[in-house]
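Visitor: Below is the structure I would like to discuss, written out as structure tokens.
The values are calculated or read from the model by the stated rules, or taken from the named source; none is laboratory data. Quick caveat, the model's predicted, so the values are computed rather than measured. A quick note on method: Cβ atoms are made from the backbone with ideal geometry, for glycine too, and the neighbour counts reach across all protein chains shown.
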Amino acid sequence: MGVGPRAGAIAGVALLATAVAMTPGRPPVIAPVPAVAGQLLPAGLAAPPDTALCESVLHVSCYQPAQLRRAYDLDHLLRRGLDGRGRTIAVVDAFGAPDIVADLHHFDAAFGLPDPPSLTVVHPAGAPPAYTPGNPAMAVWALETTLDVEWAHVMAPGARILLVVTPIPETEGVVGFPEIVSAERYVVDHHLADVISQSFGAAEPTFPSPRSIAALRSVYVAAADRDITVLAATGDTGSTLRLLDGGCCFPVPVVAWPASDPLVTAVGGTRLHLDAAGRRTGPDTVWNDGGGGASGGGRSAVFERPDYQDHVRSVVGSSRGVPDVSLSGALSGAVDFWFTLPTATGVTGGWSLAGGTSEATPLLAGIVAIADQAVGHRLGLLNDRLYDIARDDDEAIVDVTTGTNAVTLCPRACTTTAPVLLPVPGYAATKGYDLASGLGTVDAAELVDALRRASG
């Protein structure tokens, strides 16, 4: 399940503190853990946790919709009637979630959000198998789906949501990708969406060859031709990614496709520092929770540097660099979500916390939908304008200058008395573009206005 559902996390909100609390002076360690959905932390709490609860009990922050809306300056857009109405966000996931409509309604009611104009589920690559209680792959994709849908809707409450479900889970390499491409091609060819959000991916070296990636990317060429924006998560294991067999991890820096595709906007993760009202108490930093994960980023081994990165050639060299921009992804600053899942004995569910670039990507998808509404048409591939805006506008894209996505692997069981630790060099945030945070993070109101100006 690639950079989303294959990323390492701890199942159980009570363990969140141990997942993210790094001991000063010790390197962050990413251990081989069971595959779970992105950075999802299912717990089944009866009420949505707030910042005070998380800080007092878990010793980390957690955030609700109003806080992120304020942090990203979204309220200014909403007061102007810019909420994504008239636009459609396509969320692509394997299997889907059996209770997604009811879950989104419950989530909305808890936070005073309107239901979307529509939430439509399609499966153009074939109907997924019926949800099987106890099937871990289905469970983690259901959780991933719920996170994607709920937080895309938070950012653009007036946009339609199109959940595009595939019948085979993406793992690594090419498995599952033909179905993803087929489903997305149907969406593109029938003009069903304005922006596509992908919280998955696979390490470039897990594909048989660069040619095998080239054979899959025709859908992004078609999306660009039809002015459909495509986003993808960069990954949750820092400067590296998981191996073909799902084990942890490549001992050298690698990046994920489709995020590395020049026709895709690659979305990394940051850590927000907010108070209970959503005001920043400090600048955003690169997401790196150690054992809880870190933001993906680096240089592609498949794609050459695109034209829009020419002015950052001193950073990316001759290769495509990722990410392009970064939004909230840290577990030490996780977001609330509501889910229900059928089990062998009934239905279980409740409130829990989530993070990862699986969170960051649908957040940006909502902002793009609002920008499409403001401009009056689809914006398509954003990257050329994002890089121009970053050079010309100091407020729309906010530089992230602190943090790193370097990690230390535990390729063997970390429970042994003398685990073998392997540091993987990463990239540090600096002034300007870097391979840890990209151009930086965004101010939604300023970015929407900048994109409108750039689009004439």
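Visitor: Here is a list of conditions, (1) out of contact with any helix residue (DSSP H, G or I) (no Cβ under 8 Å at 6 or more places or on another chain); (2) more than 24 Å from Tyr433 (Cβ to Cβ), and Val286 meets all of them except one; can you say which number that is?
Guide: (2)
Visitor: Please find, among Gly321, Gly291, Gly296, the residue that is part of a helix (DSSP H, G or I) and either buried (at least 19 other Cβ atoms within 10 Å of the Cβ) or aliphatic (A, V, I, L, M) (or both).
Guide: Values: Gly321 fails: part of a helix (DSSP H, G or I); Gly296 fails: part of a helix (DSSP H, G or I).
None of the others qualify; the one that does is Gly291.
Visitor: Considering region 299-311 alone, what residues qualify as being touching a residue at least 12 places away in the same chain (Cβ under 8 Å) and outside any loop (DSSP other than H, G, I, E, B)?
Guide: Across region 299-311, the qualifying residues are Arg299, Ser300, Ala301, Val302, Phe303, Glu304, Asp307, Tyr308, Gln309, His311.
Visitor: Moving on. Among the candidates Arg242, Arg185, single out the residue that is of a type outside the set (Phe, Trp, Tyr), touching a residue at least 24 places away in the same chain (Cβ under 8 Å) and assigned to a helix (DSSP H, G or I).
Guide: Of the residues listed, the single one that is of a type outside the set (Phe, Trp, Tyr), touching a residue at least 24 places away in the same chain (Cβ under 8 Å) and assigned to a helix (DSSP H, G or I) is Arg185.
Visitor: Got at least one residue in region 148-171 being under 18 Å from the mean Cα position of the chain (by Cα), charged (D, E, K, R) and under 30 Å from Gly376 (Cβ atoms)?
Guide: yes
Visitor: State yes or no: is Gly403 crowded, with 21+ Cβ neighbours inside 10 Å, farther than 20 Å from Ser199 by Cβ and at pLDDT 95 or above?
Guide: Yes: the conditions hold for Gly403.
Condition check ((1) over 18 Å from Leu113 (Cβ atoms); (2) assigned to a loop (DSSP other than H, G, I, E, B); (3) of a type in the set (Val, Ile, Thr)) across all residues:
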residue: Pro49; (1), (2), (3): no, yes, no
residue: Cys54; (1), (2), (3): yes, no, no
residue: Val60; (1), (2), (3): yes, yes, yes
residue: Leu68; (1), (2), (3): no, no, no
residue: Leu77; (1), (2), (3): no, no, no
residue: Arg85; (1), (2), (3): no, yes, no
residue: Ala90; (1), (2), (3): yes, no, no
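Visitor: What residue, of Asp108, Asp93, Asp115, is in contact (Cβ under 8 Å) with a residue 60 or more places away in the chain and of a type in the set (Asp, Glu)?
Guide: Within the list Asp108, Asp93, Asp115, the selection yields Asp93.
Visitor: Here is a follow-up. Could you run through region 366-385 and say how many residues are out of contact with any Ser or Thr (no Cβ under 7 Å at 6 or more places or on another chain) and either crowded, with 24+ Cβ neighbours inside 10 Å or acidic (Asp, Glu) (or both)?
Guide: The number of residues fulfilling the criteria is 7.
Visitor: Taking region 67-87 as the search range and keeping residues that are among the charged types (D, E, K, R) and under 16 Å from Ala159 (Cα atoms), which one is surrounded by the most Cβ atoms within 10 Å (Cβ to Cβ)? Explain how you work it out, then say what you get.
Guide: Kept after step one, since they are among the charged types (D, E, K, R), are these residues of region 67-87: 69-70, 73, 75, 79-80, 83, 85, 87.
With under 16 Å from Ala159 (Cα atoms) added as a condition, the list becomes 69, 75, 79-80, 83, 85, 87.
Working: Arg69: 20, Asp75: 14, Arg79: 10, Arg80: 12, Asp83: 21, Arg85: 16, Arg87: 24.
So, considering only residues that are among the charged types (D, E, K, R) and under 16 Å from Ala159 (Cα atoms), the one surrounded by the most Cβ atoms within 10 Å (Cβ to Cβ) is Arg87.
Visitor: Give me the residue from region 208-257 that is closer than 17 Å to Asp194 by Cα and touching a Gly at 6+ places or on another chain (Cβ under 7 Å) and, out of that set, surrounded by the fewest Cβ atoms within 10 Å (Cβ to Cβ).
Guide: In this case the residue turns out to be Asp227.
Visitor: Another question, then. Looking at (1) under 19 Å from Gly278 (Cβ atoms); (2) at pLDDT 95 or above; (3) touching a Leu at 6+ places or on another chain (Cβ under 9 Å); (4) not acidic (Asp, Glu), find the lone condition where Val91 falls short.
Guide: (1) is the only condition that Val91 fails.
Visitor: Does Val36 qualify as being over 15 Å from Val335 (Cα atoms), modelled with pLDDT under 80, surrounded by fewer than 24 Cβ atoms within 10 Å (Cβ to Cβ) and among the β-branched types (Val, Ile, Thr)?
Guide: Yes; evaluated as a whole, the condition is true for this residue.
Visitor: Within region 193-239, which residues are among the aliphatic types (A, V, I, L, M) and assigned to a strand (DSSP E or B)?
Guide: Val195, Ile196, Ala202, Ala203, Val230, Leu231, Ala232, Ala233
Visitor: Somewhere in region 266-273, is a residue surrounded by fewer than 21 Cβ atoms within 10 Å (Cβ to Cβ), modelled with pLDDT of 95 or more and farther than 29 Å from Ala137 by Cβ?
Guide: yes
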